[in-house]
Amino acid sequence: MAVLRPAGDFDRSYEQDMAVLRKPWQYVVLIAFLILLFALPYVASESLVSLVNRICIFMIAVQGLNILTGYTGQISLGQAAFMTVGGYISALLVGVLGWSFFLALPVAGLGAGLVGLLFGLPSLRVKGFYLVMATLSAQFIIPWFTRNLWPDVLNGAQGINVPVPVIQIPVINDICYLGTTFDAETAACFYRFATPTEFIHITLVVLLISTIAAHNIARSRLGRAFISIRDNDLAAELLGINLFSYKLRAFFIASVYAGVAGSLLAHNLRHLNSETIGLNDSIIMLGMLIVGGLGTSVGPIFGTTLIIFLEELATLLTPPIIQLFPENAGGIGAALRPFIFGLALTLFLIFEPRGLAYRWRLIKAAWRLRPFAR
């Protein structure tokens, strides 16, 4: 859909044409929103902070899936398996080898990317349903390796404990003052460790970087090649695009995003095993992308937020529904969340197949063209 703007509103340079934020008030709103997010641990409850942190982590994974499925058209059900790879790599580097978390995080992403390349190899020969089956194999092969490979290190099906990242933050207190003068060298010696609640700061920084990177990938030559493969791979090949090379690049980038998200999730949960991130999560992430809008920059943001909020809504609705039907308490508790997810996905496929991102474009166009929008 083309960007609709009123007459007289046009771009005068390439910088204006490529700008994401076009008005000064948009910068003000964005900065205020980021300040609110970073201040969340100090003004909100731990449960709300944990919910927002979980949303941000899954946004990163869905952004990678969007590059693979939304832009390149390669359907994958192995994103959760690559998150598991990233989580295990980061946990072993930090917990066993003593690496810094901030060094282990990119290494975990690269490690998951290399594993994703292996499962992306069939993409040249197969596509559609057959490619889904090829990526689905990752959800069985990778957990099997984590349960049976190196039991002394990975601890089999029980999994491993993952350390919380250490963040040293300067603290200025009364001890830092010597008489009436301030001793900067003394103040630098006093630090405290960030609480697990403040882990959201790390997640937000990584999410900002991943969002900027994903948006620019979509606008680059690489992203245009991905889109051409999605629209018509035969025509793309005739235009000189190496299908095998670009499909593998898409798998690698998507797996890197998954590995980074898996590393963040593992350190946030502080424990990881083969069942922490499973096949259900891969299906849910694909549903998040469909609900948000395939092949759009804001699709992963809208879809992830809505689906996780619906899951939380299902959790809140479970106790009153159980009181109405106490004889089926166990079944209701287990079935309500998948029922709401399936209902939401079905309704979106019927009434809003292009996702929330398309609806957001219509709202923005109507706002720009007011009062003439219909």
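The values are calculated or read from the model by the stated rules, or taken from the named source; none is laboratory data. What you see is a predicted model, and the numbers here were worked out from it, not measured in a lab. Glycine also receives a Cβ, built like all others from the backbone with ideal geometry; neighbour counts cover every protein chain displayed. Remember, those area values only see protein heavy atoms, side chains included, never the ligands or the DNA or RNA. Shrake-Rupley method; radii C 1.70, N 1.55, O 1.52, S 1.80 Å.
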With the condition kept exactly as written, say whether any residue in the range 111-124 is open to solvent by 80 Å² or more (accessible area, probe 1.4 Å), at pLDDT below 90 and over 24 Å from the mean Cα position of the chain (by Cα).
no
By residue number, the members of the range 195-214 that are open to solvent by 50 Å² or more (accessible area, probe 1.4 Å) and either assigned to a helix (DSSP H, G or I) or on the phi > 0 side of the Ramachandran plot (or both) are Pro196, Val205, Leu208, Ile209, Ile212
Matching option when the condition is of a type in the set (A, V, I, L, M) and touching a residue at least 60 places away in the same chain (Cβ under 8 Å), among Leu316, Leu306, Leu286
Leu286
Evaluate the following for Phe38: is it under 20 Å from the mean Cα position of the chain (by Cα) and open to solvent by 30 Å² or more (accessible area, probe 1.4 Å)?
yes
Yes or no: the range 291-303 includes at least one residue that is among the polar types (S, T, N, Q), touching a His at 6+ places or on another chain (Cβ under 8 Å) and either within 30 Å of Ala108 (Cα to Cα) or open to solvent by 70 Å² or more (accessible area, probe 1.4 Å) (or both).
yes
Are any residues in the range 124-138 in contact (Cβ under 8 Å) with a residue 24 or more places away in the chain and assigned to a helix (DSSP H, G or I), and if so, which ones?
Leu124, Leu131, Val132, Thr135, Leu136, Ala138
Has the range 45-58 got any residue that is under 30 Å from Ser137 (Cβ atoms), assigned to a loop (DSSP other than H, G, I, E, B) and open to solvent by less than 30 Å² (accessible area, probe 1.4 Å)?
no
Taking the stated definitions as given, is Glu237 in a helix (DSSP H, G or I), open to solvent by 60 Å² or more (accessible area, probe 1.4 Å) and acidic (Asp, Glu)?
yes
Looking only at the range 246-261, decide whether some residue is open to solvent by 10 Å² or more (accessible area, probe 1.4 Å) and of a type in the set (Ser, Thr, Tyr).
yes
Single condition Ala138 does not satisfy, out of (1) surrounded by fewer than 16 Cβ atoms within 10 Å (Cβ to Cβ); (2) in contact with a helix residue (DSSP H, G or I) (Cβ under 8 Å, 6 or more places away or on another chain); (3) closer than 17 Å to Ala258 by Cα
(1)
Given the residues Ser76, Ser50, which is the only one that is out of contact with any His (no Cβ under 9 Å at 6 or more places or on another chain), under 20 Å from Leu272 (Cβ atoms) and modelled with pLDDT under 95?
Ser50
